[in-house]
1. Report the gain in length on full extension from Leu71 to Ser55: 0.36 nm times residue separation, minus Cα-Cα distance, nm rounded to one decimal.
2. Which residues' amide hydrogens lie under 5 Å from the amide hydrogen of Ile158, considering only partners 5 or more residues apart or on another chain, with H built in the peptide plane?
3. Using the beta-carbon distance between Arg156 and Thr133 and R0 = 25 Å, what value does 1/(1 + (r/R0)^6) give for FRET efficiency, to the nearest 0.05?
4. Give the calculated FRET efficiency between Val149 and Lys40 to the nearest 0.05, with a Förster radius of 25 Å applied to their Cβ-Cβ distance.
5. Rounded to the nearest 0.05, what FRET efficiency do Asn117 and Asn142 give with R0 = 22 Å and r taken as the Cβ-Cβ distance? Could you check?
6. Whose amide H sits under 5 Å from the amide H of Ser107, counting only residues 5 or more places off or on another chain, with H placed in the peptide plane?
7. Can you tell me how the range 81-168 classifies by the Cα gyration tensor, rounded, prolate or oblate, using a/c under 1.5 as the rounded cut?
8. Determine the alpha carbon to alpha carbon distance for each of Lys42/Lys145; Lys50/Lys91; Lys67/Lys147; Lys40/Lys127; Lys57/Lys91; Lys91/Lys127 and list only those over 24 Å.
Amino acid sequence: MRNFSKPTLAACAALTLFAACSKDDKDGKEDQSVTVTPTKSKKDMLVGAKWQMTSAKESWMDKGQSKNRDLFADMVPCEKDDFIMFTADGKVTFDLGPTQCDTGDKSETTNWEFIANDTKIIFSSPKWNDKDTLDVVDLTDNIWKTKDVYKDDSARVITGEYSYKRIN
C-alpha cells in the first residue's frame with residue numbers, strides 16, 4: 001500500500017471539496033442558490049398606486065348591544081369608483097373617479113405620513129385644520145386595510161374598518 005504525504009492528502013481533500021461545490025451536479029441540475037429580493041417598504045407599496053375602497057364597516061356598542069353598519073353597501077355607484085393616490089412627497093389625492101355624483105364636486109389633495117414604525121397613517125388638511133390617524137391593519141402590493149376608532153357626536157366609540165384594492 002502506498003503512503004501519501006500530508007501535503008498531498010490536503011491537496012486531494014481540497015480538490016474533492018471544490019469538485020463537490022461545482023455549479024452543476026452530476027445529474028446536470030444547476031445549483032439552487034437562494035436569491036434574496038429586498039422587500040418593499042409600506043411607503044413604496046402605497047405610492048404611485050390607485051387605491052379603491054372595497055369595504056367600509058362601522059361597529060359600536062349601544063345599551064350593551066353590539067351594533068354594526070355596512071357603509072360600503074349604502075354607497076351609490078358614483079362613490080364606489082372614487083380612489084386614493086399617494087405621492088412620495090407626502091401628498092394624497094382623494095379622486096372622485098370617472099363618475100361624479102355632483103358636477104360641482106372636486107377631488108381633494110391633502111397631506112399624509114406614516115408614524116409609529118409605519119403602523120399608523122396620518123391624513124392632515126391644513127385647509128380644514130384637521131388630522132385623522134388610522135391604524136394600518138394590512139398592506140401589500142394589492143390590498144390596504146385600515147382601522148379607525150373615534151367618538152361620534154353622541155360620544156359613542158365607533159370602530160371603522162376600511163379595505164381598499166389596488167386598481168392600477
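What follows is calculated from the coordinates using simple rules that are stated; it is not laboratory data. As the structure is a computational prediction, the values presented were derived from the model and not from experiment. Using ideal geometry, Cβ is built from the backbone for each residue, glycine included, and neighbour counts are taken over all protein chains shown.
1. Additional length available on full extension: 5.0 nm.
2. Here Tyr150, Lys151, Asp152 satisfy the definition.
3. After rounding to 0.05, the efficiency reads 0.85.
4. That gives a FRET efficiency of 0.35.
5. 0.50
6. Sorted by chain and number, the residues that satisfy this are Leu96.
7. rounded
8. Lys40/Lys127; Lys57/Lys91
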